[in-house]
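The values are calculated or read from the model by the stated rules, or taken from the named source; none is laboratory data. The shown structure was predicted, so the numbers you read here are calculated from the model rather than taken from an experiment. Ideal geometry is used to build each Cβ from the backbone, glycine not excepted, and the neighbour counts take in all protein chains shown.
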Amino acid sequence: METSNRYLPLLGRVLIGAPFILSGLSKLAAHDTTVAYISSVGLPLAQLAWLIAIVVEFGGGALLVLGYRTRLVASVLALFALATAISFHRNFADQNQMIHFLKNIMLTGGLLQIVYFGAGPISIDASRRDPRLAIGAHPAGEPT
């Protein structure tokens with residue numbers, strides 16, 4: 001991979017993972033409001049759904065950024081984003097909900113790209129396969 005391009009998968013993972021992390025933290029900080037919203041759309045076990053959302057968003061976002069078990073994590077996040085779009089953003093008469101629906105569909109598409117292509121060279125996954133690719137290691141021929 002061209003040296004200048006080796007950072008692009010990391011940048012992509014950060015740009016997709018960071019909003020998940022922030023969303024998980026915001027749900028943690030707004031327990032009652034989030035549980036009430038989950039209940040308002042008719043989902044059962046709102047408390048459990050709140051907990052699952054925090055684990056998936058915060059945990060999955062962090063693992064995605066780090067590039068650990070990236071394909072599995074991206075698959076889980078893609079399913080979560082799609083389920084969220086269908087469950088929470090299906091009122092297309094409300095333009096804001098339509099925008100959120102489309103955002104989640106786009107996120108799902110980006111995550112499926114990660115599922116297919118993997119984490120890239122700057123990731124825990126890459127360093128587990130080849131220690132020479134460990135985070136902070138220099139590519140062959142690049143001065144240390």
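Which condition number does residue 128 fail, the rest of (1) under 14 Å from the mean Cα position of the chain (by Cα); (2) surrounded by 13 or more Cβ atoms within 10 Å (Cβ to Cβ) being met?
Result: residue 128 passes all but (1).
Looking at residue 55, is it within 23 Å of residue 114 (Cβ to Cβ) and touching a residue at least 40 places away in the same chain (Cβ under 8 Å)?
No, not satisfied.
Which of (1) modelled with pLDDT of 95 or more; (2) touching a Phe, Trp or Tyr at 6+ places or on another chain (Cβ under 8 Å) does residue 41 not meet, given it meets every other one?
Only one criterion is unmet by residue 41, namely (1).
List every residue pair whose Cβ atoms sit under 7 Å apart, with the two residues 6 or more apart in sequence or on different chains, where the first one lies in segment 113-126 and is under 10 Å from residue 72 (Cα atoms) and the second, anywhere, is hydrophobic (A, V, I, L, M, F, W, C).
Filtered contacts from segment 113-126: 114/74; 115/74; 115/78.
Does segment 1-59 hold any residues that are closer than 19 Å to residue 87 by Cα and either part of a loop (DSSP other than H, G, I, E, B) or among the basic types (Lys, Arg) (or both), and which are they?
Once the filter is applied, which keeps residues that are closer than 19 Å to residue 87 by Cα and either part of a loop (DSSP other than H, G, I, E, B) or among the basic types (Lys, Arg) (or both), segment 1-59 yields 27, 41, 42, 43, 44, 45.
I'm checking my understanding of the structure. Among residues of segment 95-107 that are free of Cβ contacts under 8 Å to residues at least 40 places away in the same chain and farther than 24 Å from residue 44 by Cα, which one is surrounded by the most Cβ atoms within 10 Å (Cβ to Cβ)?
Taking segment 95-107 as the starting set, the residues that turn out to be free of Cβ contacts under 8 Å to residues at least 40 places away in the same chain are 95-106.
Filter once more, so that each one left must be farther than 24 Å from residue 44 by Cα: 95-96, 99, 102-103, 106.
Details: 95: 9, 96: 9, 99: 11, 102: 13, 103: 15, 106: 12.
Out of the qualifying residues, it is 103.
Can you report the number of residues in segment 38-77 which are under 17 Å from residue 88 (Cα atoms) and surrounded by 16 or more Cβ atoms within 10 Å (Cβ to Cβ)? Don't jump to the end; show me each part of the working.
Just the residues of segment 38-77 that are under 17 Å from residue 88 (Cα atoms), to begin with: 38-54, 56-57, 77.
Filter once more, so that each one left must be surrounded by 16 or more Cβ atoms within 10 Å (Cβ to Cβ): 38, 46, 49-50, 53-54, 56-57, 77.
Number satisfying all stated conditions: 9.
Are any of the residues in segment 74-91 within 19 Å of residue 103 (Cβ to Cβ), at pLDDT below 95, charged (D, E, K, R) and more than 9 Å from the chain's Cα centre (by Cα)?
Within segment 74-91, one or more residues are within 19 Å of residue 103 (Cβ to Cβ), at pLDDT below 95, charged (D, E, K, R) and more than 9 Å from the chain's Cα centre (by Cα).
With 13, 6 as the choices, which residue is closer than 27 Å to residue 124 by Cα and over 15 Å from the mean Cα position of the chain (by Cα)?
Values: 13 fails: over 15 Å from the mean Cα position of the chain (by Cα).
From the options 13, 6, the qualifying one is 6.
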